[in-house]
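**Student:** Below are the structure tokens for one structure; questions will follow.
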Amino acid sequence: QVQLVESGGGLVQAGGSLKLSCTASGRAFNILGMGWFRQAPGKEREFVGSISWSGHRTSYTDPVKGRFTISRDSTKNMVFLQMSSLKPEDTAVYYCAATSKVFSVTIGEYDSWGQGTQVTVSS
């Protein structure tokens, strides 16, 4: 198991930007695929984006393509989610997660989760 802690959430106006961070501890971070997910009130948790263990491969859900960017710094055991041009529909609790697979876009393949950080986008 790996322990994950997210930070960087907050309140932002539509069109603004936020950068979420996730710090990992425990298991070897550099061999884990990492992902970001979100859950809005009354909705199921959904995939936002993921990054491979090498950092060379990324994938995003269509609604965030061109606006969100995932990156990782394996020297610091961290993964980031840069969010720009934020919209009210991006409001959700954002979760960082880890998978033992090299890369995954499937929520069921992630077995370690952070506690989440709230992102609220006002119109």
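**Student:** Just to be sure, is Thr91 of a type in the set (Val, Ile, Thr), under 14 Å from the mean Cα position of the chain (by Cα) and open to solvent by less than 50 Å² (accessible area, probe 1.4 Å)?
**Tutor:** It is true that Thr91 is of a type in the set (Val, Ile, Thr), under 14 Å from the mean Cα position of the chain (by Cα) and open to solvent by less than 50 Å² (accessible area, probe 1.4 Å).
**Student:** Is it true that Val79 is hydrophobic (A, V, I, L, M, F, W, C) and surrounded by 14 or more Cβ atoms within 10 Å (Cβ to Cβ)?
**Tutor:** yes
**Student:** Suppose we filter Asp73, Asp62 for residues that are free of Cβ contacts under 8 Å to residues at least 40 places away in the same chain and either open to solvent by less than 40 Å² (accessible area, probe 1.4 Å) or under 16 Å from Val5 (Cα atoms) (or both); which single one remains?
**Tutor:** One residue alone meets the criteria, Asp73.
**Student:** May I pose another question? Scanning for something without any contact (Cβ under 8 Å) to a residue 60 or more places away in the chain, open to solvent by less than 60 Å² (accessible area, probe 1.4 Å), aromatic (Phe, Trp, Tyr) and more than 23 Å from Leu11 (Cβ to Cβ), does region 100-119 turn up at least one residue?
**Tutor:** Within region 100-119 (the criterion being without any contact (Cβ under 8 Å) to a residue 60 or more places away in the chain, open to solvent by less than 60 Å² (accessible area, probe 1.4 Å), aromatic (Phe, Trp, Tyr) and more than 23 Å from Leu11 (Cβ to Cβ)), the answer is no, since none of the residues qualifies.
**Student:** What do you reckon, is Tyr95 among the aromatic types (Phe, Trp, Tyr) and touching a residue at least 40 places away in the same chain (Cβ under 8 Å)?
**Tutor:** Yes, satisfied.
**Student:** Search region 19-39 for residues being in a strand (DSSP E or B) and aliphatic (A, V, I, L, M), and hand back the single one that is modelled with the highest pLDDT.
**Tutor:** Of everything passing the filter in region 19-39, Leu20 is modelled with the highest pLDDT.
**Student:** So Gly16 passes all but one of these: (1) in a loop (DSSP other than H, G, I, E, B); (2) touching a Lys or Arg at 6+ places or on another chain (Cβ under 8 Å); (3) touching a residue at least 40 places away in the same chain (Cβ under 8 Å); (4) of a type outside the set (A, V, I, L, M). Which condition number does it fail?
**Tutor:** (2)
**Student:** Could I ask something else about it? Does Gly42 satisfy being open to solvent by less than 60 Å² (accessible area, probe 1.4 Å) and in a loop (DSSP other than H, G, I, E, B)?
**Tutor:** no
The values are calculated or read from the model by the stated rules, or taken from the named source; none is laboratory data. Keep in mind that what you see is a predicted model, and the values were worked out from it rather than measured. Cβ coordinates were reconstructed from backbone atoms using ideal geometry, including for glycine residues, and neighbour counts include every protein chain displayed. Calculation scope for accessible area: heavy atoms of the full protein, side chains included, ligands and nucleic acids excluded. Shrake-Rupley method; radii C 1.70, N 1.55, O 1.52, S 1.80 Å.
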